[in-house]
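To keep things clear, I will list the structure first and then write my remarks on it.
Bear in mind these aren't lab numbers, they're just calculated from the coordinates by the rules spelled out. It should be emphasised that the depicted structure is a prediction, and the values quoted were computed from it without experimental measurement. Here the Cβ positions follow ideal geometry from the backbone for every residue, glycine too, while neighbour counts run over all protein chains shown.
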Amino acid sequence: MMLFAACSEDGADVDAVLDDPGRLRGQSPEQIQAMFGAPGFKRREGPARIWQYTGPTCNLDLFFYPAKDAPDGPIAVVHFEIRDVTAQPVTSRGCLATLANAQSAAR
């Protein structure tokens, strides 16, 4: 496995997310993009922004929403799904590491 910096350029802690994928929640689009690069797919659905990253064996779907008390404010990840390309469960750490390594190699 390729090694990558513990923090992305904007300070998002990649290693912390790998250790606990739940830390994706609350991340801004800028932090996510610093970790994983530009998403391969973006969609807007009402107040939600949905981003998808596709790796060779897995997909990461991120659902961004504004805070309930600030509907016009900044958005952050509220929900995410990690699955293999056939929509089966997959090891979160392995998938996130693959996607982060791809971003690191692109720099």
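Brief remarks follow.
- Note on Ile75 and Thr57: the model spin-label points, each 7 Å out from Cα along the C-beta direction, lie 3.1 nm apart.
- The HN-Hα couplings worked out from phi for the stretch 20-35 by the Karplus form 6.51 cos²θ - 1.76 cosθ + 1.60 (θ = phi - 60°) are 9, x, x, 6, 5, 4, x, 6, 7, x, 5, 5, 5, 5, 5, 7 Hz, whole numbers, x standing for Gly and Pro.
- Across all Cα atoms of the chain, the radius of gyration (one decimal) and Dmax (whole number) stand at 13.3, 42 Å.
- Order by protection proxy (mean Cβ within 10 Å, highest first), peptides 38-48, 91-101: 91-101, 38-48
- GNM top mover of Asp72, Asp13, Asp61 - the chain, alpha-carbon springs below 10 Å: Asp72
- Helical contribution to [θ] at 222 nm, DSSP H n ≥ 4, -39,500 (n - 2.57), averaged over the chain, rounded to 500: -8000 deg cm²/dmol
- Amide hydrogen proximity for His79: with H placed 1.01 Å from N in the peptide plane, the residues at 5 or more positions away or on another chain lying under 5 Å are Phe63.
- Pair Asp19, Glu45: separation of 7 Å Cα→Cβ label points (nm): 3.3
- Spin-label proximity, Ala102 to the stretch 9-53 - amide N less than 17 Å from point 7 Å beyond Cα toward beta carbon: 18, 32-43, 51-53
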